[in-house]
Amino acid sequence: MNPATVLVVDDEPDNFDVIETLLNAQDYNLHYANTGEGAIAVLDQLQPDLILLDVMMPGMDGIEVCRRLKASQKWSPIPVIIVTSLTEKKDLARCFEAGADDFISKPVSSLELLARVRSMLRIREQYKQLQGFNAHLEATVQKRTAQLQKMVFQDALTQLPSRAFLTQKLAERLQSGDLSFALITIDCDQFKRLLGSFGDAITDQLLIAITERLQPYLREGDILARTGIDEFGLLLHRVDDQTSIQPYIQKILSSFDPPFAVSNFEVFVSACASIVLGNDTYKTPAQLFQDAGIAMYHAKESGNDRYHVFDAQMHQEMIDRLALENDLKRALERQEFIVHYQPIINLKTQAIVGLEALTHWQNPERGMVSPSLFIPCMETTGLIVPMGMMIFKQACQQLYRWHQQGWTELTMSVNLSVQQFACPTLVEDIDRILAETSIHPACLKLEITESAIMNNIEAVIAIAEQLRSRQIQISIDDFGTGYSSLAYLHQLPIDNLKIDRSFITQIQPQQSQYKVVDTIITLGNHLDLTVTAEGIETVAELEQLQQLDCEFGQGYLFSRPVRAEAIEAKFLQRDRDVDSCLPYYE
């Protein structure tokens, strides 16, 4: 038998090199095309048995190439595996809608690539054999065709209907005009972690166990399908409205509460779900799956064991979110992020002792954008890491200028996100910027929130110790709002506690906020930590904090976060009078 011919279509030659390396031990004839047009041009010459197709290419992209192949009677039988870094469900839905037979996520896994290539080549070989059968073998052909259809429409592991089967049934419901149905998708949480811990054999048994637990909830006419690695889809008929389906989905999610018995293990798995109700706006199954993906995103943001019903507002929110992500990527390239500084005041002397660097976004179209509107998006996308280092460098450069002007006692506080703490080059990047800006490390305070610390306490302690060894100070921001334990607090190499502004607002001796603040200040004294109160807005709040012997504070009473020039004009003038140091409300 001649070696199979595989055509790799990708505009990045390095990606072909990776695939060639992974398939090196296999007896395949590999060929390469760097454009969609070039791939179509060599089909007659190569007669490929399989096409590995990239999606994002200049000119004719992979979706269009796939669509043209599947529209051709001559080339439509060739299996097409999409190789893509896209993970959004709507993007994968577009690939399948264009006719893709399978997909592989980048970065490409050797085992997954070999398995999927072999599987597709087997199907291709079977198709070739079917073409060779003559009329006298029509019965055999029909039987084999039925077997192939079973491969397409039935999941081999769980024996459930496949995504393709569910897609076909959805199409039939849409065409019939019977819209009293609901599409429910169920996504198992942390499945990749389980896969990494237990391997394929155990997780395969887990998926079978999940299937068995879900099947009793099917009513007559309902369809349960396996639609992804750890995803299931339910097509429910006779659904009147959202209210009637909520108790049903709550029962399904509650069924995940007991552990699954798998190979002498008890495995706990939670799940999230999305619900899309049939209506006359849907024309294709792909639209249903796309909206199910959007609702699933909202469900996962809400936490484990949650579900979300899709509504039109979610679609607009997703569009707005994607637009914001694109604007933020461009903002990084254009360096639109600027630093505003908020003074930190010694509450006894009312002299400025330091500043906190706060990020603002100066967008040409949106204007000045508040951090609360874009920081969460940057944390989700990972853009917070490069942006954080950009802001850190700007803050260090500004502090150096103020030190050169004679304000050598000033410190600079900079916030670090949990993603930055997880970055393996964090300490190296900080060392580099300190060297470039000539700032003494002892003048820096790096702030991380209490909740972020508790998410990965061991890693935070290890990195904090490295930073402290360089004399950099560590602060816990928004202290009192998280769930830290005193044992961990004692282990953390920290220097400062920052009391969250929610405890400062309307602080009065008879109120609970007063007791919390008093406790935090006392705790700081016992642990030899300085304490800074955030969000001071009134003289009354200042006076209460002074009575509690709180050492430092910041807030609108002293100054909003402002540009460096405003800080210099108000706080860094040697000839200012005594009263100019007193609090003022802008």
Completion exercise
(1) surrounded by 14 or more Cβ atoms within 10 Å (Cβ to Cβ); (2) assigned by TED's automatic domain parsing to the domain that holds Ile245 all hold for Arg144 apart from (2)
Exercise for the section: Please work out if Asn326 is within 24 Å of Leu218 (Cβ to Cβ) and out of contact with any strand residue (DSSP E or B) (no Cβ under 8 Å at 6 or more places or on another chain). Expected result: no
Exercise for the section: Taking the options Leu160, Leu170, Leu121, Leu183, name whichever one is in contact with a Leu (Cβ under 7 Å, 6 or more places away or on another chain), buried (at least 17 other Cβ atoms within 10 Å of the Cβ) and outside the structural domain of Ala261 (by TED's automatic domain parsing). Expected result: Leu121
Exercise for the section: Report yes if some residue within segment 204-214 is within 31 Å of the chain's Cα centre (by Cα), under 16 Å from Ala286 (Cα atoms) and of a type outside the set (Ser, Thr, Tyr); otherwise report no. Expected result: no
Handout entry: Single unsatisfied condition, Lys192 versus (1) assigned to a helix (DSSP H, G or I); (2) within 27 Å of the chain's Cα centre (by Cα); (3) at pLDDT 90 or above
Key = (3)
Problem - Filter pass, Asp478 being modelled with pLDDT under 90, in contact with a helix residue (DSSP H, G or I) (Cβ under 7 Å, 6 or more places away or on another chain), at positive phi and assigned by TED's automatic domain parsing to the domain that holds Ala442 - result: yes
Practice task
Say whether the condition of being in the same structural domain as Glu537 (by TED's automatic domain parsing), surrounded by 14 or more Cβ atoms within 10 Å (Cβ to Cβ) and small (Gly, Ala, Ser) is met by at least one residue in segment 351-361.
Solution key: yes
Exercise for the section: Return a yes/no flag: does segment 313-328 have any residue that is more than 28 Å from Phe96 (Cα to Cα), charged (D, E, K, R) and surrounded by 12 or more Cβ atoms within 10 Å (Cβ to Cβ). Expected result: yes
Problem - Checking Glu336 against (1) under 24 Å from Ser451 (Cβ atoms); (2) without any contact (Cβ under 8 Å) to a residue 40 or more places away in the chain, the condition it does not meet - result: (1)
Fill in the blank from the handout: Conditions (1) over 19 Å from Ile352 (Cβ atoms); (2) crowded, with 18+ Cβ neighbours inside 10 Å; (3) not small (Gly, Ala, Ser) -> Asn496 fails only (1)
Problem - strands (runs of 3 or more DSSP E) wholly inside segment 466-561 that include at least 2 residues being farther than 20 Å from Lys348 by Cα - result: 473-479
Practice task
Tell me, yes or no, whether segment 135-145 has at least one residue that is touching a helix residue (DSSP H, G or I) at 6+ places or on another chain (Cβ under 8 Å), assigned to a helix (DSSP H, G or I) and under 27 Å from Arg219 (Cα atoms).
Solution key: no
Problem - Condition check for Leu111: surrounded by fewer than 18 Cβ atoms within 10 Å (Cβ to Cβ), in a helix (DSSP H, G or I) and assigned by TED's automatic domain parsing to the domain that holds Glu64 - result: yes
Completion exercise
Every listed condition ((1) in a helix (DSSP H, G or I); (2) among the hydrophobic types (A, V, I, L, M, F, W, C); (3) free of Cβ contacts under 8 Å to residues at least 24 places away in the same chain) holds for Ala156 save (1)
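Within segment 435-461, can you find the residues that are surrounded by fewer than 13 Cβ atoms within 10 Å (Cβ to Cβ) and either over 13 Å from Tyr488 (Cβ atoms) or outside the structural domain of Val531 (by TED's automatic domain parsing) (or both)?
Ala435, Glu436, Ser438, Ala442
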Problem - Restricting segment 357-370 to residues that are assigned to a loop (DSSP other than H, G, I, E, B) and not basic (Lys, Arg), the residue that is modelled with the highest pLDDT - result: Pro364
Problem - Test: residue in segment 385-395 that is crowded, with 16+ Cβ neighbours inside 10 Å, of a type in the set (Lys, Arg) and not assigned by TED's automatic domain parsing to the domain that holds Ile474 - result: no
Fill in the blank from the handout: Residues in segment 379-410 that are closer than 13 Å to Phe337 by Cβ, modelled with pLDDT under 95 and of a type in the set (Gly, Ala, Ser) total 1
Fill in the blank from the handout: Picked from segment 308-356 (must be among the polar types (S, T, N, Q) and either in a strand (DSSP E or B) or touching a Cys at 6+ places or on another chain (Cβ under 6 Å) (or both)), the residue farthest from Leu399 (Cα to Cα) is Gln350
Problem - Leu399 vs. criteria within 30 Å of Ile521 (Cα to Cα), of a type in the set (A, V, I, L, M, F, W, C), free of Cβ contacts under 8 Å to residues at least 60 places away in the same chain and touching a helix residue (DSSP H, G or I) at 6+ places or on another chain (Cβ under 8 Å) - result: yes
Handout entry: Residue match in segment 178-185 (condition: touching a His at 6+ places or on another chain (Cβ under 8 Å) and of a type in the set (Phe, Trp, Tyr))
Key = yes
Practice task
Would you check which residues across segment 152-199 are touching a Phe, Trp or Tyr at 6+ places or on another chain (Cβ under 6 Å) and polar (S, T, N, Q) and list them?
Solution key: Ser162
Problem - Members of segment 8-40 found to be polar (S, T, N, Q) and in contact (Cβ under 8 Å) with a residue 12 or more places away in the chain, listed by number - result: Asn15, Gln26, Asn29, Asn34, Thr35
Fill in the blank from the handout: In segment 407-431, anything farther than 13 Å from Leu467 by Cα and either part of a strand (DSSP E or B) or free of Cβ contacts under 8 Å to residues at least 24 places away in the same chain (or both) is listed as Thr408, Thr411, Met412, Ser413, Val414, Asn415, Pro424
Problem - Residues located in segment 284-307, provided they are part of a helix (DSSP H, G or I) and exposed (fewer than 14 other Cβ atoms within 10 Å of the Cβ) - result: Glu301, Ser302
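The values are calculated or read from the model by the stated rules, or taken from the named source; none is laboratory data. Nothing here was measured: the structure is a model prediction, and the numbers come from that model. Note: ideal-geometry Cβ built from the backbone for every residue, glycine included; neighbour counts use all protein chains shown.
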